[in-house]
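One structure is given here, and the rest of the page talks about it.
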Amino acid sequence: MAAELNPLQNHQQHSTTGYDERLIDRVKELFPVTATWPDEAIVENIRYFKEAAEHMRGYCCNIHPLDPRHTYKAPTERPGEFEVVQCPKAWETGVKEAIAEANLPKRFLRLKLSDLDGEEVRKLFDYVNGFEALKREGKGLLLAGKVGVGKTQKIVSLAIELINRYLTQVKFFTCQQFLDLHKAAMKDGFAKMKLEEDAYKCELAIIDDIGANRFSEYDQAAFGSFINERYNEMLPVILSTNLSKADLTELVGERVVSRITEMCERIVLDGPDRRTRRGE
Ligand SMILES: Nc1ncnc2c1ncn2[C@@H]1O[C@H](COP(=O)(O)OP(=O)(O)O)[C@@H](O)[C@H]1O
Ligand SMILES: [Mg+2]
């Protein structure tokens, strides 16, 4: 069985070229860019071809399962020259794990950002394209709009795009989940760790649906300390709310809104309630 794992593995050294002729043919078949490579250049670099074949077939993940960013050397058209490329299978595995760990609500996983319509989608793509620089500045987004305009859908599709593109560590909470976790963290060490590691320290925190419920004084303090901490550490947040700026200020307080305004580009979503339009 093991010999079948790598198509180049079971070819042994041979007399004339030092290698089985079939091995060279097999390399040329697997790596069409080597069509003009002389046989000796292939033989000299055979260990790179064996490694690359493993990555291309996805078997490398049995060898390096822990690093989604690992790379391998792929042949170029220039004989004897290789270039470093990202292993596709490892990236794909990392993406699946990152999506599973982001706590994104299942209903919204079906639509990609490119499936969505509307002027705002272009702004979301701008955010994705500029994410690496924006992240360093701690810049996020605030999506504002009435119930049913597609805020949660857009946030989730955006998160998936960021994960696919950069393997971003995203953590999604509804505002209620976030506040509940804050309360649980007072008595429960595991919840405390989760709150700190996930909400406070993750690369990108999402809090969806601010304003769906009233805030107690405690909730206001909890949300304020979260925003303050991420602001100080220059860590981005993506927020959504159905409230106007004035109502948001009343809910979370002026100091917090002032920080949010500095950290987040406000994108206003308009349009009909997609749920009632479809009769949900
Ligand atoms: N651009 C879109 N194309 C198709 N369906 C969408 C789109 N945006 C939202 N939806 C669907 O419309 C419904 C309401 O969207 P949602 O994101 O929950 O709105 P909000 O969070 O603003 O209340 C959901 O079922 C969602 O999947
Ligand atoms: Mg929503």
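Of the residues making up the stretch 130-144, not one is surrounded by fewer than 19 Cβ atoms within 10 Å (Cβ to Cβ) and within 14 Å of ligand 2 (Cβ to nearest atom). Within the set Ala100, Ala52, the sole residue that is assigned to a helix (DSSP H, G or I) and at pLDDT 95 or above turns out to be Ala100. Applying the condition of being in a loop (DSSP other than H, G, I, E, B) and within 16 Å of Ala205 (Cβ to Cβ) to the stretch 138-178 and asking which residue is farthest from ligand 1 (Cβ to nearest atom) yields Gly138.
Say whether the condition of being without any contact (Cβ under 8 Å) to a residue 40 or more places away in the chain, over 21 Å from Leu141 (Cβ atoms) and charged (D, E, K, R) is met by at least one residue in the stretch 222-244. No, every residue in the stretch 222-244 fails to be without any contact (Cβ under 8 Å) to a residue 40 or more places away in the chain, over 21 Å from Leu141 (Cβ atoms) and charged (D, E, K, R). Tell me which residues, restricted to the stretch 198-217, are charged (D, E, K, R), within 16 Å of ligand 2 (Cβ to nearest atom) and without any contact (Cβ under 8 Å) to a residue 40 or more places away in the chain. Matches in the stretch 198-217: none.
Listed here are the residues, each with its yes/no results for (1) away from ligand 2 (no atom under 16 Å from the Cβ); (2) closer than 22 Å to Val128 by Cβ.
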{"position": "Lys146", "(1), (2)": "no, no"}
{"position": "Ala159", "(1), (2)": "no, yes"}
{"position": "Tyr166", "(1), (2)": "yes, yes"}
{"position": "Gln177", "(1), (2)": "no, no"}
{"position": "Glu196", "(1), (2)": "yes, no"}
{"position": "Gln220", "(1), (2)": "yes, no"}
{"position": "Phe226", "(1), (2)": "yes, no"}
{"position": "Leu235", "(1), (2)": "yes, yes"}
{"position": "Leu243", "(1), (2)": "no, no"}
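Considering Ile260, Ile210, Ile267, Ile238, the condition of being surrounded by 14 or more Cβ atoms within 10 Å (Cβ to Cβ), modelled with pLDDT of 95 or more, in contact with a strand residue (DSSP E or B) (Cβ under 7 Å, 6 or more places away or on another chain) and closer than 15 Å to Gln176 by Cα is satisfied by Ile210 alone.
The values are calculated or read from the model by the stated rules, or taken from the named source; none is laboratory data. What you see is a predicted model; the values in this text were computed from it and never measured. Cβ sites come from the backbone with ideal geometry, for glycine too, and all protein chains shown count toward neighbours.
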